[in-house]
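Engineer: Following this message is one structure expressed as structure tokens.
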């Protein structure tokens, strides 16, 4: 199943780290790529591309001017839209239905202010708890539940670096 993430309303002066972390969590937890709206941020894009270059995989980042057009284009390709929001249905109640649907999925995570219209546009409004928390944590938990933990065993093709797990200390192996 093809999974992409849409990050709404990026503001480089305030959101560079959080948007970068959304992208990195999406990649690490098995998404194929991410779109973002707001202000184009080539520095953030370069940071994510640098991670892909060193740690492998084919994760893509693309800027889109309009979330509405992104959703329309996604649907024209036969995709479905999941909006992660603390006001949605509990993830544990809807994850089986979402997983069973073979359509490509676009997971929308908020920014400064989520347009109310998005709630009506989403196929699923999903809550990972009904408490305030970050887009990064919601995305990671959602993807973990969607993939039933299999994403924790992903191998990223073309990696130049790989962590060698150990109880203490850090060990990184250069592959290329």
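The values are calculated or read from the model by the stated rules, or taken from the named source; none is laboratory data. The structure presented is a predicted model; accordingly, all values stated were derived computationally and were not measured. Note that we place each Cβ from the backbone using ideal geometry, even for glycine, and neighbour counts take in every protein chain shown.
Engineer: Hey, can you tell me all the residues within region 123-134 that are touching a strand residue (DSSP E or B) at 6+ places or on another chain (Cβ under 7 Å) and at pLDDT below 95?
Structural biologist: Selection gives 129, 130, 131, 132.
Engineer: Continuing with this model, one more query. Just checking, does region 141-151 include any residue being more than 16 Å from the chain's Cα centre (by Cα) and surrounded by 13 or more Cβ atoms within 10 Å (Cβ to Cβ)?
Structural biologist: No, every residue in region 141-151 fails to be more than 16 Å from the chain's Cα centre (by Cα) and surrounded by 13 or more Cβ atoms within 10 Å (Cβ to Cβ).
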